[in-house]
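Worksheet: one structure, shown below.
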Amino acid sequence: MPRIEKIVFFGTPDFAVPTLAALGEAGLAPCLVVSQPDRPAGRGQTLTAPPVARFAREHGLPLRQVERVRDPAFLADLAELAPDLAIVVAFGQIFPQALLDLPQLGCVNLHASLLPRWRGAAPIQAAIAAGDERTGVTTMQMEAGLDSGPILLQREAAIGPEETAGELFVRLADLGAAVMVETVRALGAGELAPRPQPADGVTFAGKLKREQGRVDWTRPAEELARLLRAATPWPGLAAELGAAPVRLVAARALAERAPSRAAAGEVLGLRGDALAVAAGDGSVLALDRVQRPGRRAVLGREFANGERLEPGARFQ
């Protein structure tokens, strides 16, 4: 039966913090936490520690921040530590084979999807944008391929019809923390056998980019509503009206059809408190709440009244 006495934890953003906390609460606190270096952040570009590094400092955990995990000096120090297991949660760097081979029981990664669906950097956003009704978390043995390693444990979670990426992120971080503790305990008891990922059903979720946060009004309203939820809180989804940006805060597809003469992005009028706009394939998107830069978010009706919008005006 394998014994797990020395765990090294690799993690960087908020998503990794619940797992680090849960390990400590379960009596599995790591002997070393590895995170990325402090980076400039915010309008003042103040040097800011990653959430995992802040948590480690606040809880007195040994911390090392490394620019590159393939640095020979870092690998030599880790070899001297001789960890039994490495746990990796959203660390943000590709591991070299020398690091994957270093812990006695290998490196176990927590991924926010039901692998092999949505391998890659943005699985939560990809699941929402694709209209998936269910997602989940997976723990797997890491190997050289992108999120292709054998599965240890998997747990499903439903995606709420109005749920944003930010809200789902929090739920999956908590679910993943519990599954990782279960995984480590089962590994320690010798009760877990990795199983290869199926060859069918592999999809990829590339890293989100800021430029993906622009509305393409030729897309159907259902798709735009999903993209808004996937892009919330970052990078957000925005259009232009009168050469100035308007951020979509909440929107939904309507059952009605746009008039055949209406162009994509054309304002159709009010529907209750929402502003109706023509989208692709004759669909209609209801803008429930929108926001101009530097102002508070307002109802679509308030926006239309404030901007003196009439049917026929057009978003770009």
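The values are calculated or read from the model by the stated rules, or taken from the named source; none is laboratory data. Here the structure is a predicted model, which means the values were calculated and not measured. Positions of Cβ are backbone-derived with ideal geometry, glycine not excepted, and every protein chain shown enters the neighbour counts. Accessible surface areas use protein heavy atoms only, side chains included; no ligands, DNA or RNA. Shrake-Rupley method; radii C 1.70, N 1.55, O 1.52, S 1.80 Å.
A compact table of results
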quantity: Scattering curve values for segment 114-202, log₁₀ I(q)/I(0), Debye with Cα scatterers, q = 0.11 Å⁻¹; calculated: -0.31
quantity: Counting DSSP beta bridges with both ends in segment 219-280, the antiparallel % (nearest 5); calculated: 90
quantity: Cα centroid of segment 130-200 to Cα centroid of segment 221-245, whole Å; calculated: 28
quantity: Cα-based convex hull volume of segment 191-241 per residue, rounded to whole Å³; calculated: 153
quantity: Extension gain from Thr218 to Glu191, taking 0.36 nm per residue of separation minus the Cα-Cα distance; calculated: 4.5 nm
quantity: Charge dipole (debye, nearest 20) of the chain; +1 at Cβ of Lys and Arg, -1 at Cβ of Asp and Glu; calculated: 880
quantity: Exposure ranking of Thr203, Thr48, Thr138 by accessible area [1.4 Å probe, largest first]; calculated: Thr48, Thr203, Thr138
quantity: Bridge type composition, the chain - antiparallel percent by DSSP, nearest 5; calculated: 65
quantity: Highest to lowest packing among 82-91, 285-294, scored as the average C-beta count within 10 Å; calculated: 82-91, 285-294
quantity: Kirkwood Rh, angstrom, the chain [1 / mean 1/r, Cα pairs]; calculated: 21.6
quantity: Probe 1.4 Å, all protein chains present, accessible-area order of Lys209, Lys6, largest first; calculated: Lys209, Lys6
quantity: Mean accessible surface per residue for segment 153-208, computed with a 1.4 Å probe while every protein chain stays in place, in Å²; calculated: 54
quantity: Relative contact order, percent, the chain [alpha-carbon distance under 8 Å, six or more residues apart]; calculated: 13
quantity: For segment 183-281, alpha-carbon Rg over 2.2 N^0.38 Å; calculated: 1.64
quantity: FRET efficiency estimate (nearest 0.05) - Cβ-Cβ, Phe204 to Gln97, R0 25 angstrom; calculated: 0.70
quantity: Length-normalised contact order for segment 161-264 - Cα pairs under 8 Å, 6+ apart - percent; calculated: 28
quantity: Within segment 1-130: Cβ-based charge dipole about Cα centre, in debye rounded to nearest 20 (Lys, Arg +1; Asp, Glu -1); calculated: 380
quantity: Environment charge of Leu175, counting only residues whose C-beta is closer than 15 Å and scoring Lys/Arg +1, Asp/Glu -1; calculated: -3
quantity: Theoretical FRET efficiency, 1/(1+(r/R0)^6), r = Cβ-Cβ of Asn305 and Trp234, R0 35 Å, to 0.05; calculated: 0.75
quantity: FRET efficiency estimate (nearest 0.05) - Cβ-Cβ, Glu143 to Arg295, R0 51 angstrom; calculated: 0.55
quantity: Solvent-accessible heavy-atom area per residue, rounded to whole Å², over segment 38-95 at 1.4 Å; calculated: 58
quantity: For segment 1-90, with +1 on Lys and Arg beta carbons and -1 on Asp and Glu, the positive-most of Ala79, Pro18, Ala29 along the dipole; calculated: Pro18
quantity: Carbon and sulfur %, accessible surface of the chain computed with the full protein complex present, 1.4 Å; calculated: 52
quantity: Heavy-atom accessible area order for Phe204, Phe169, Phe9, largest first, 1.4 Å probe; calculated: Phe204, Phe169, Phe9
